[in-house]
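*Asks:* Just dropping this structure here.
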Amino acid sequence: MNRLIHSTALAGAMALVAGLAQAEVTLSVLIDNNPETVAMMEALTAAYTAANPDVTFEIEQRTGGAEGDNIVKTRLATGEMADVFNYNSGSLFQALNPQQTLADMSSLGGQGNVLDSFKQVVTSPDGAVRGVPFGPAMGGGIFYNIPIYQELGLTPPKTWAEFMANNEKIKAAGKVAVIQTYTDTWTSQLFILADYFNVQAEVPNFAADYTANKAKYASTPAAMRGFERLEEVFKAGVLNEDFGAATFDDGMRMVSTGEGAHYPMLTFGIGNVKQNYPDNLNDMGFFAQPGNDAAKNGLTVWMPAAIYVPEASANKEEALKFVDFVATVESCQTMISAAGASGPYLIKGCELPADVPQAVKDMLPYFQTEGMTAPALEFLSPIKGPALEQLTVEVGSGIRPAADAAALYDQDVEKQAKQLGLPNW
Amino acid sequence: MTRRQTWTGIAALAAATLIFIVPFVFIFLMAAKTKQDASRFSFAWPADWQLWQNFVEVIQTRNYMLLLAYFNSTVITVGAVTGLVILAALVGYVLQRRPGRMSNVVYGFILAGLMIPPAVVPTIWVLQGLGLFKTLHGMILIQIAYNLAFSVLLYRSFIGTIPRDLDEAAIIDGAKPLQIFWKVVLPLLKPVTVTNIVVQSLAVFNDFTNPLYYLPGKENVTVQLTLYNFQGQFLSQFNLLFMNILLVTIPPLIVFIFFNRQIVAGMTAGAVKG
């Protein structure tokens, strides 16, 4: 009996000490250096510290792109990852070997608020959800200049034929119809990547067959079409003259100020216009990449990044509590007020403010109708070849025929699939 | 001066201006622009001079990160270059003066150090094992290890130009090996030491990838890493980025202006004999 009292007292004392030790937790956070990401994370951590004064944060930034991938992988491999970090969902998430490196978040209460479409893209092969959404979803499609459309009496096209007819009219009026910016090579891929809604509308099994090495770009006419579109736009002579030397910033400037009519891009570009040309923000509209059939017109969606907790984190419990807090409607509103709404947030019941930019307004109807959106291929299949942007620059500049580029891209993809150890390659 | 010489002089000056001054002027003008103006990337006069505002904003960004970065970079550069000069001079001296099988093996390792690229993850394991990961002194050791081979080569070839007679005279006077090195040889190495200091401090100060991988952590930023504050894939603040570049360029520029003559002298001095 005496011993029992002793041990209870001891346990009590230990709990007290543990409580004291837990009182001061500093969570390290690693995020990419996009100004919107930084603003969102700073607002979220400030809100969390206000509610839980014993938890403080140390935010560290990393670059995006390929160098950012290397940093995240290196730090996970060496066990030096921050307690909380943000990173892409979809195929890049799968490349992190999530089953071993990332903490399981399936049982967090906040997961109930997350849309199922997002959970899919942060679920590891064993079925555990390992992330919560961080930031707005993006659409891939075509920005257009509203004043030019009004001046020429055009309407946003639903089919590719209408789109090309609009282009001809714009060209006849002496304006630049389609903007391409090949200095930033990644911008050249949009006609192909944003066409994925149309691909899956025609070939519903493409992603699965593609991963299993049963379907190829070169042998699937619907998938090939993206390459052909790019070639067609070049051959029609509707591009800006300096397409080879223009940059992404130039492209956003041109489409917002009316130097050009169309710019295929991700809706992420809205933030760029908001910073550089705030007066022209509402001159810019948005529509999904048109396909062959007006009845089957829909938007290809890029899922937002997610935040993750590494399995090896020393402060896993506290970090998961913070993540749980991020997956709430209040946190979602915090993010909107910090970074603005460049797209819908994937939290149930998180409404966007009424004063969103015109391009976002144009994007929202796609999300409100069931079956009008489809995730981009990179969220459905882990395969994305590294040379796509070089090939699309070649096609878009008329150096290489579309069929040739599609075949070469299939070869490029093969190396990556083998590296990932996918079956049947 | 003949007329022809005048013309070639003017042509050379014009070429030098085009290659060296114009980019610098471009950086300066970009650093003085507003965000909107800078995003156009044009070589034009700023519509609205924002030099001071940009300067203050860059300094204050992320809680005065740039000042901390200057401190870290200075510590790493000074520490690494001091270590490099001392170690490389010692190794180069022994290698040059005592040819033999052992020297050849060591020389082979030095060439390997120049040729074989280092692997990141195993290096981090070693650092973690030694408790040096994420520390400034760990970073200094890495910079020494990565740059030692080049410094040794510079020293070795320069020491070849110092006559052995000097060493022998010192031996006859009763000097011990270390005394020969410190009192006789090292003072003669001044030109090549200056070259080493300049070349290596530029390399260490400008290094971007090594601190990126070996020195993570908010407190461990170096100046080159601060450039990431203003450049993202979708949204860049080019005016602040260029202001940051301008500020980061200043320390190496000062080094270059002061040591300009020695750099050239040291380069040619080391190159006389292979």
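The values are calculated or read from the model by the stated rules, or taken from the named source; none is laboratory data. Quantities reported herein were computed from a predicted structural model and do not represent experimental measurements. Quick reminder, even Gly has a Cβ in these numbers, built from the backbone with ideal geometry, and neighbours come from all protein chains shown.
*Asks:* Give me the pairs: first residue in the range A:230-258 and over 21 Å from A:Ala173 (Cα atoms), second residue of a type in the set (D, E, K, R) and part of a loop (DSSP other than H, G, I, E, B), beta-carbon distance under 6 Å, and six or more apart or on different chains, which are they?
*Replies:* If the second residue must be of a type in the set (D, E, K, R) and part of a loop (DSSP other than H, G, I, E, B), the pairs left are A:Thr247/A:Asp184; A:Phe248/A:Asp184.
*Asks:* Of everything in the range A:262-289, what is surrounded by fewer than 24 Cβ atoms within 10 Å (Cβ to Cβ) and among the small types (Gly, Ala, Ser)? Give them in sequence order.
*Replies:* Scanning the range A:262-289 gives A:Gly271, A:Gly285.
*Asks:* Looking only at residues in the range B:58-102 that are surrounded by fewer than 16 Cβ atoms within 10 Å (Cβ to Cβ) and among the hydroxyl-bearing types (Ser, Thr, Tyr), which one is nearest to B:Val204 (Cα to Cα)?
*Replies:* B:Thr74
*Asks:* Within the range A:340-357, does at least one residue satisfy the condition of being surrounded by fewer than 18 Cβ atoms within 10 Å (Cβ to Cβ), assigned by TED's automatic domain parsing to the domain that holds A:Leu193 and free of Cβ contacts under 8 Å to residues at least 60 places away in the same chain?
*Replies:* There is no residue in the range A:340-357 that is surrounded by fewer than 18 Cβ atoms within 10 Å (Cβ to Cβ), assigned by TED's automatic domain parsing to the domain that holds A:Leu193 and free of Cβ contacts under 8 Å to residues at least 60 places away in the same chain.
*Asks:* Considering only the range A:106-137, state which residues are small (Gly, Ala, Ser) and crowded, with 21+ Cβ neighbours inside 10 Å.
*Replies:* A:Gly131, A:Gly135, A:Ala137
*Asks:* Still on this model: For a quick check of your reading: which helices (runs of 4 or more DSSP H) sit entirely within the range B:186-236 and have at least 1 residues that are away from every other protein chain (no Cβ under 14 Å)?
*Replies:* B:190-206, B:223-226
*Asks:* Restricting to the range A:71-86, count the residues that are out of contact with any Lys or Arg (no Cβ under 9 Å at 6 or more places or on another chain), more than 10 Å from chain B (Cβ to nearest Cβ) and either part of a loop (DSSP other than H, G, I, E, B) or small (Gly, Ala, Ser) (or both).
*Replies:* The total comes to 0.
*Asks:* Suppose we filter the range A:275-298 for residues that are in a helix (DSSP H, G or I) and either away from chain B (no Cβ under 14 Å) or among the hydroxyl-bearing types (Ser, Thr, Tyr) (or both); how many remain?
*Replies:* Residues that pass the stated criteria total 5.
*Asks:* Filter the helices (runs of 4 or more DSSP H) completely within the range B:3-98 down to those with at least 1 residues that are within 14 Å of chain A (Cβ to nearest Cβ), out of contact with any Lys or Arg (no Cβ under 8 Å at 6 or more places or on another chain) and in contact (Cβ under 8 Å) with a residue 24 or more places away in the chain.
*Replies:* The helices (runs of 4 or more DSSP H) meeting that bar are B:22-31, B:35-38, B:51-97.
*Asks:* Please find, among A:Ala294, A:Ala261, the residue that is over 22 Å from the mean Cα position of the chain (by Cα) and closer than 22 Å to A:Gly398 by Cα.
*Replies:* None of the other options fit; the residue is A:Ala261.
*Asks:* Okay, moving on. Of all residues in the range A:54-70, which are assigned to a loop (DSSP other than H, G, I, E, B) and at the interface with chain B (Cβ under 7 Å from one of its Cβ atoms)?
*Replies:* Of everything in the range A:54-70, those that are assigned to a loop (DSSP other than H, G, I, E, B) and at the interface with chain B (Cβ under 7 Å from one of its Cβ atoms) turn out to be A:Thr63, A:Gly64.
*Asks:* Checking A:Thr45 against (1) modelled with pLDDT of 90 or more; (2) in a helix (DSSP H, G or I); (3) under 16 Å from the mean Cα position of the chain (by Cα): exactly one of these is not met. Which one?
*Replies:* If we test A:Thr45 against (1) modelled with pLDDT of 90 or more; (2) in a helix (DSSP H, G or I); (3) under 16 Å from the mean Cα position of the chain (by Cα), just (3) comes out false.
Let's see how each residue does on (1) under 22 Å from the mean Cα position of the chain (by Cα); (2) surrounded by 15 or more Cβ atoms within 10 Å (Cβ to Cβ); (3) in a helix (DSSP H, G or I):
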position: A:Pro386; (1), (2), (3): yes, no, no
position: A:Gly398; (1), (2), (3): no, no, no
position: A:Val413; (1), (2), (3): yes, yes, yes
position: A:Lys418; (1), (2), (3): no, no, yes
position: A:Trp425; (1), (2), (3): no, yes, no
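*Asks:* Identify, from the list A:Lys169, A:Lys216, the residue that is more than 24 Å from A:Asp279 (Cβ to Cβ), free of Cβ contacts under 8 Å to residues at least 60 places away in the same chain, in the same structural domain as A:Leu380 (by TED's automatic domain parsing) and surrounded by fewer than 22 Cβ atoms within 10 Å (Cβ to Cβ).
*Replies:* Sole residue among the options that is more than 24 Å from A:Asp279 (Cβ to Cβ), free of Cβ contacts under 8 Å to residues at least 60 places away in the same chain, in the same structural domain as A:Leu380 (by TED's automatic domain parsing) and surrounded by fewer than 22 Cβ atoms within 10 Å (Cβ to Cβ): A:Lys169.
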